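A short write-up of the structure that comes next.
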Amino acid sequence: MRLASIAVLGGGPGGLYAARLLKISNPDARVTVYEQGDPDKTFGFGVGLASRTQRNLRLADEDSLEAIVAESHPHEMSMKVGDSHVRLAHGELLAIGRATLLSVLQRFAKDAGVELKFGKRVTFEDVNADLIVAADGINSATRTEMAHEFGPHVTQGEGLYLWCGTDFALESAVFTPATTEHGTFVAHAYPYTDDGSTFLIETDEQTWRRAGFDVSTKETPFGESDQTSLDYLREAFADPLQGHRLIGNRTKWTQFRTVRCDSWHTRNIVLLGDAAHTAHYSIGSGTKLAMEDAIVLDRALAENDDLDSAFAAYEEARMPAVAHLQAIAERSMAWWDMFPERMNLPVEQLMIAYMTRAGKVSLERFAESAGEVVKAGAAAYAGCALDEVPPPANLNEWALGRPSAGRSGRIADTSLRDADGTTTLEITDRPWSADVSRLLADLPASSTFWLTGADDRESTLDRLDVAERIRIRSGAVVVVDVPEQFRSDGVAGAVSERVDLISFTS
Ligand SMILES: Cc1cc2nc3c(=O)[nH]c(=O)nc-3n(C[C@H](O)[C@H](O)[C@H](O)COP(=O)(O)OP(=O)(O)OC[C@H]3O[C@@H](n4cnc5c(N)ncnc54)[C@H](O)[C@@H]3O)c2cc1C
């Protein structure tokens, strides 16, 4: 398809990357990026780039990827709860300052011949182009103004987070909680440059209110940082901060918003990146998703003869992939919301729970890459010595055979289902839904809960997540029906203390 002019609204990673790819594919077209901010100022601190992102970006545009990697900071991952610390040697994690990433992408866009216009807010009505790419971020005015065309659905997370940073490089990424008189705060922190680290700090609403942050949030003027919270959290996280301060960048407590849309296009306008979809930051994928959108959109435009067909191809390729990651992200967000309630677990077991939280990584796969950590976590789960834990290939069956609550293994005897004191619950709602909250608030007195429901994977993972909530609230034994084909999800649930017993169904 021949395009004479392309306007890109928004100079974030999605918009800049799309502009470069589109200019390379359409050398005769005039490609312009309109960014309301200044070239060297942006929100946030460093962002994590997952290794898969690098493969996709390498295939699409090796030169810009090389430049991004050259400016990135590799790191390992760790978790620290109290004095217990566990570290994962994971050679593929990278982070980069958001401002640095944008400056690399601005340079590559310019080198390709893209025109960059800064300092002015622009709407789709202000530009006249064959194609308008709306990469105007999570608050996309394009999406809002044409909501009837795009059909957006926005849901808000329960917890609150604060995106801040510090002026030194942590030795590795660390997940670590800090409990104060008001409640628990959890930091997701990682180095992104030789003298800077991101600190993403989250908490629940009650703790946030008790600490008075509802007031400090209200009192922080637009565009400024909540210094009251930064000072408080500097004290709370004095240990990982090693005496350094927390720095804000228009930093205010926020609830994460997940954006989904029925459609990503109308007329000659197409949504890309956060404007079209968001995924909770705990899976570190928003930037990757935005840049991958750009890759697929560019290809779809090159391979189709008209905009409608290209947009249809773009949506067909991207919507399922994005929905898949959003499902993982939603489960991950809910896992983090509950983090303070499982801090009693030994840290290696907590690391297993973290890695398997969204069903993306199985216990065996994790054991192959982090054998010593899994061995320690599995030994804590089984209450046995380290040398009794078998190699990864035998781990699942071994874990299911470990005794629990006076039983010889973790596979439930079906007679328990009809026993006195067992309540069967059919789980049809998401673990974090209002209906499940009501169920938890009103649990009948029972010594055993048996959770049943649909036999697809998401429903199975949902039951395992609801099981954990019931276990924590009631202290009862919880059994979950797990279809045989999802055996390893059941095992991960048991080893992570989400569930006591499994009933495998065919
Ligand atoms: C707390 C937090 C942590 C995160 N951590 C990670 C991480 O570790 N890894 C990761 O991959 N992702 C992370 N993300 C997500 C990531 O920041 C976004 O997904 C990514 O920036 C999306 O890119 P984008 O280009 O679609 O939108 P944005 O980066 O938001 O860019 C949109 C741009 O459009 C501009 N704009 C908006 N409206 C207009 C207008 N009318 N006219 C002109 N310009 C306009 C804005 O100024 C902005 O520069 C995180 C997000 C949050 C909130």
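If you check Phe185 against the conditions, is it on the phi < 0 side of the Ramachandran plot and either open to solvent by 40 Å² or more (accessible area, probe 1.4 Å) or in contact (Cβ under 8 Å) with a residue 60 or more places away in the chain (or both)? The answer is no for Phe185.
Quick one: how many residues across the range 125-140 are within 9 Å of the ligand (Cβ to nearest atom) and buried (at least 19 other Cβ atoms within 10 Å of the Cβ)? Total meeting the criteria: 5.
In the range 1-102, counting only helices (runs of 4 or more DSSP H) that sit wholly within it, the ones holding 1 or more residues that are open to solvent by 10 Å² or more (accessible area, probe 1.4 Å) and closer than 30 Å to Arg267 by Cβ span 13-25, 51-60. Within the span defined as the range 373-382, every residue fails to be aliphatic (A, V, I, L, M) and surrounded by fewer than 16 Cβ atoms within 10 Å (Cβ to Cβ).
Sort through Arg331, Arg365, Arg357 and tell me the only one that's basic (Lys, Arg), in contact with a Lys or Arg (Cβ under 8 Å, 6 or more places away or on another chain) and not in a loop (DSSP other than H, G, I, E, B).
On the way: Arg365 fails: in contact with a Lys or Arg (Cβ under 8 Å, 6 or more places away or on another chain); Arg357 fails: not in a loop (DSSP other than H, G, I, E, B).
After applying the criteria, what remains is Arg331.
Of all the residues that make up the range 384-432, how many are part of a helix (DSSP H, G or I) and closer than 21 Å to Leu451 by Cα? Reasoning before the result, please.
Let us first name the residues in the range 384-432 that are part of a helix (DSSP H, G or I), namely 386-388, 392-400, 414-418.
Filter once more, keeping what is closer than 21 Å to Leu451 by Cα: 399-400, 414-418.
Count: 7.
Can you find a residue in the range 179-199 that is within 22 Å of the chain's Cα centre (by Cα) and farther than 24 Å from Ala89 by Cα? Yes: one or more hits.
Of the helices (runs of 4 or more DSSP H) entirely within the range 224-324, those holding at least 3 residues that are open to solvent by less than 10 Å² (accessible area, probe 1.4 Å) and touching a residue at least 60 places away in the same chain (Cβ under 8 Å) occupy 227-236, 286-303.
Is it true that some residue in the range 195-207 is of a type outside the set (S, T, N, Q), farther than 25 Å from Ser332 by Cα and either open to solvent by 30 Å² or more (accessible area, probe 1.4 Å) or part of a strand (DSSP E or B) (or both)? Lay out the reasoning, then the answer.
Going residue by residue through the range 195-207, those that are of a type outside the set (S, T, N, Q) are 195-196, 199-202, 204-205.
The next check asks that each one be farther than 25 Å from Ser332 by Cα; those that pass are 195-196.
Adding the requirement that they be either open to solvent by 30 Å² or more (accessible area, probe 1.4 Å) or part of a strand (DSSP E or B) (or both) leaves 195-196.
Looking through the range 195-207, at least one residue is of a type outside the set (S, T, N, Q), farther than 25 Å from Ser332 by Cα and either open to solvent by 30 Å² or more (accessible area, probe 1.4 Å) or part of a strand (DSSP E or B) (or both).
The values are calculated or read from the model by the stated rules, or taken from the named source; none is laboratory data. Just so we're clear, the structure is a prediction, and the values are computed from it rather than from any experiment. Positions of Cβ are backbone-derived with ideal geometry, glycine not excepted, and every protein chain shown enters the neighbour counts. Ligands, DNA and RNA are excluded from the accessible area calculation, which covers all protein heavy atoms including side chains. Shrake-Rupley method; radii C 1.70, N 1.55, O 1.52, S 1.80 Å.
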